[in-house]
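Below is one structure, written out as structure tokens, with a few remarks after it.
The values are calculated or read from the model by the stated rules, or taken from the named source; none is laboratory data. The model shown is predicted, which means the values in this text are computed figures rather than measured ones. Here the Cβ positions follow ideal geometry from the backbone for every residue, glycine too, while neighbour counts run over all protein chains shown.
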Amino acid sequence: MPVLTRDQEIRVITELLTSAGADPKQASVTATVLTEGDLRGFASHGILRLPYILRALRRGTINGNANIRVIRETPSTALVDGDHGLGHYVASEAMRIAIGKAKKTGAGAVGVRNTNHFGIAGYYAEMAVSEGLIGVVTTTTDALVHPWGGVEPILGTNALAVGIPAEPVPVLLDMAMSMGARGKIVQALKEGKPIPEGWAVDKEGRVTTDPKSALEGALSPFGGVKGYALALVLEILAGPLVEAAAGKAVVGTLEPVEGYSTKGDFMIAIDPSAFTDSSSFKSRVTSFIREIKESRKAPGVKEILVPGEPEHRTRAQRLQQGIPISEEVWKEVEKIGRELGVNLEELLKT
């Protein structure tokens, strides 16, 4: 299994994107977010996504030189048109706008239309945290999840991320509305492994552990009816509210389609100082987390973790030891490199 450093992975992705015609800055941001996915253990949202993106650039369904525009605005809100750009770059710019508004008004909410898959939602929530703010991010995907009591895929996996400043690491919730991410099922298929029971149903509505049958059927909402309900309201916020599609009309977040992606994003940045002293807020959150972690543990449990801790530890470990890339994914990346005239072996030496 190939192992890359953070810098090597960013370099490879950036070079391949720019060789495919993407703007260097937009390519660099995209490479950084994809690499962060791999660093944190979200392989389904890391370099595995690169071939999809490159095929979309080739087909013209992703614009590698996007001109992002604010098309509607108030002091605390904005609606952004992403010009069908690289979703990672568009989302980064949208969160920057939300952060700027939060610093001026106390809170900034930004909706995004005409954009593409943006990788791990937590990256953008953490952008707000790095500025001392609270970040909330959601997005839509192609219809992949069946409603509670149904069989048909109608809802997206609609990730939800919330980042909150704390010590020693921020609280960072980052979760999909399905029991398992579709990307993880794709990865299981590539690796010839079964998926956990309860993640998906086949096209007849029967629970399956076969990744192929799962991809032909529908993902199951996490937490039963509660996950279904949350997926529904998030889809409204990142769909109709921001002039993007909802339900089966959402396309383009998976394999490239003939037309453009119709998904949407919605993100919020909140300045704690609009409500309380920022330092005191962070201190109170840290104390609360300490209380949780020091509380009595269930039999056999060594440690109580809070959202974001496992990913933070994985990231620290991989920064030291390197990022493992599956052989199948790397072979596909190498193949694309040859097609684009990029010598990956030489690139990794620099």
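Which strands (runs of 3 or more DSSP E) sit wholly inside segment 34-147 and have at least 2 residues that are in contact with a Lys or Arg (Cβ under 7 Å, 6 or more places away or on another chain)? Write out each step before concluding.
Numbers: elements: 69-73, 77-81, 107-113, 134-139.
Fully inside segment 34-147 and qualifying: 77-81.
Taking the criterion of being surrounded by 21 or more Cβ atoms within 10 Å (Cβ to Cβ), touching a helix residue (DSSP H, G or I) at 6+ places or on another chain (Cβ under 6 Å), in the same structural domain as Val70 (by TED's automatic domain parsing) and more than 22 Å from Ile185 (Cα to Cα), would at least one residue in segment 233-246 satisfy it?
Scanning segment 233-246, I find at least one residue that is surrounded by 21 or more Cβ atoms within 10 Å (Cβ to Cβ), touching a helix residue (DSSP H, G or I) at 6+ places or on another chain (Cβ under 6 Å), in the same structural domain as Val70 (by TED's automatic domain parsing) and more than 22 Å from Ile185 (Cα to Cα), so the answer is yes.
Which one of the conditions (1) over 25 Å from Ala91 (Cα atoms); (2) over 20 Å from the mean Cα position of the chain (by Cα) does Leu215 fail to meet, given that it meets all the rest?
Failing condition for Leu215: (2).
Between Ile120, Ile164, Ile154, which is modelled with pLDDT of 95 or more and surrounded by fewer than 22 Cβ atoms within 10 Å (Cβ to Cβ)?
On the way: Ile120 fails: surrounded by fewer than 22 Cβ atoms within 10 Å (Cβ to Cβ); Ile164 fails: surrounded by fewer than 22 Cβ atoms within 10 Å (Cβ to Cβ).
Unique residue meeting the criteria: Ile154.
Looking only at segment 193-208, decide whether some residue is touching a residue at least 24 places away in the same chain (Cβ under 8 Å) and of a type in the set (Asp, Glu).
Yes, because at least one residue in segment 193-208 is touching a residue at least 24 places away in the same chain (Cβ under 8 Å) and of a type in the set (Asp, Glu).
Counting only residues that are surrounded by 12 or more Cβ atoms within 10 Å (Cβ to Cβ) and in a loop (DSSP other than H, G, I, E, B), how many does segment 299-342 have?
9
Out of curiosity, is Val3 buried (at least 21 other Cβ atoms within 10 Å of the Cβ) and over 20 Å from Glu255 (Cα atoms)?
No.
Considering only segment 173-189, I want to know if a residue exists there that is farther than 25 Å from His312 by Cα and free of Cβ contacts under 8 Å to residues at least 40 places away in the same chain.
Step one: of segment 173-189, the residues farther than 25 Å from His312 by Cα are 189.
Of the ones still in play, those that are also free of Cβ contacts under 8 Å to residues at least 40 places away in the same chain are 189.
Yes: segment 173-189 contains one or more residues that are farther than 25 Å from His312 by Cα and free of Cβ contacts under 8 Å to residues at least 40 places away in the same chain.
Considering segment 64-91 alone, what residues qualify as being without any contact (Cβ under 8 Å) to a residue 24 or more places away in the chain and closer than 14 Å to Thr18 by Cβ? So that I can check it myself, show each step before the final result.
Here is the first cut: in segment 64-91, the residues without any contact (Cβ under 8 Å) to a residue 24 or more places away in the chain are 67, 69, 71-74.
None - no residue of segment 64-91 is without any contact (Cβ under 8 Å) to a residue 24 or more places away in the chain and closer than 14 Å to Thr18 by Cβ, so the list stays empty.
Sort out which residues of segment 55-90 are closer than 24 Å to Val333 by Cα, touching a helix residue (DSSP H, G or I) at 6+ places or on another chain (Cβ under 6 Å) and of a type in the set (A, V, I, L, M), and write them in order of number.
Hits for segment 55-90 are Ile62, Leu86.
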